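A.B. asks: Before anything else, here's the structure in question.
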Amino acid sequence: MKDLIDRQAAIDTINALHDLPNAWLDCAVDAVMALPSAQPEHKTGRWLQISPARIYECSECAQMVMTDDISCYKYCHGCGANMGGEQDGWSDKQRDGNRCRW
């Protein structure tokens with residue numbers, strides 16, 4: 001997975017390195033500016049019930065969740081995967097209902 005960083009924050013960090021010669025700082029800033037922007041990965045996963053005790057696991061990163069209603073978890077908190085499609089018998093229509101309020 002690509003790391004998404006704030007380009008301006010990287011440049012500010014480089015410019016804060018006062019111990020380096022200006023030519024090196026300029027080269028480092030130029031190198032950061034030349035980097036392509038990262039495109040975030042869009043993962044789609046599903047919750048796998050791994051225990052009858054209401055424990056579910058993300059199919060992408062194995063993040064575990066214990067809940068009475070897994071349909072409320074539309075994204076994995078571990079990797080950010082979108083938990084789309086059928087999940088343990090729940091359809092998208094049922095999952096998108098008003099039952100999951102925080």
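The values are calculated or read from the model by the stated rules, or taken from the named source; none is laboratory data. The structure displayed is predicted, hence computed values, not measured ones. All Cβ positions, even for glycine, are placed from backbone atoms using ideal geometry, and neighbour counts span all protein chains on display.
A.B. asks: Residues that are under 30 Å from Y73 (Cα atoms), surrounded by 13 or more Cβ atoms within 10 Å (Cβ to Cβ) and modelled with pLDDT of 85 or more: does the stretch 3-26 have at least one?
C.D. replies: Within the stretch 3-26 (the criterion being under 30 Å from Y73 (Cα atoms), surrounded by 13 or more Cβ atoms within 10 Å (Cβ to Cβ) and modelled with pLDDT of 85 or more), the answer is no, since none of the residues qualifies.
A.B. asks: Does the stretch 11-26 hold any residues that are part of a helix (DSSP H, G or I) and touching a Leu at 6+ places or on another chain (Cβ under 9 Å), and which are they? Steps first, answer last, please.
C.D. replies: Within the stretch 11-26, the first condition is being part of a helix (DSSP H, G or I), and the residues that meet it are 11-15, 22-26.
Hits for the stretch 11-26 are I14, N15, W24, L25.
A.B. asks: To continue, here is another question. Could you give every pair whose Cβ atoms fall below 9 Å, whose first residue belongs to the stretch 1-26 and is among the basic types (K, R), and whose second residue is surrounded by 10 or more Cβ atoms within 10 Å (Cβ to Cβ) and at pLDDT 85 or above, counting only separations of at least 6 or pairs across chains?
C.D. replies: Taking only residues 6 or more apart or on different chains, the pairs are R7/V32; R7/M33.
A.B. asks: Where residues in the stretch 27-45 are among the hydrophobic types (A, V, I, L, M, F, W, C) and part of a loop (DSSP other than H, G, I, E, B), which of them is modelled with the lowest pLDDT? Steps first, please.
C.D. replies: Residues of the stretch 27-45 that are among the hydrophobic types (A, V, I, L, M, F, W, C), as a first pass: 27-29, 31-35, 38.
Add one more test, that the residue is part of a loop (DSSP other than H, G, I, E, B), and what stays is 35, 38.
Values: L35: 82, A38: 73.
Restricting to residues being among the hydrophobic types (A, V, I, L, M, F, W, C) and part of a loop (DSSP other than H, G, I, E, B), the top hit is A38.
A.B. asks: So which residues in the stretch 46-73 are in a loop (DSSP other than H, G, I, E, B), loosely packed, with under 13 Cβ neighbours inside 10 Å and in contact with an Asp or Glu (Cβ under 9 Å, 6 or more places away or on another chain)? Steps first, answer last, please.
C.D. replies: Just the residues of the stretch 46-73 that are in a loop (DSSP other than H, G, I, E, B), to begin with: 46, 52-54, 59-63, 67-69, 73.
From what is left, the residues that are loosely packed, with under 13 Cβ neighbours inside 10 Å are 52-54, 62, 67-69.
If the condition is that a residue be in a loop (DSSP other than H, G, I, E, B), loosely packed, with under 13 Cβ neighbours inside 10 Å and in contact with an Asp or Glu (Cβ under 9 Å, 6 or more places away or on another chain), then R54 is the only one that fits.
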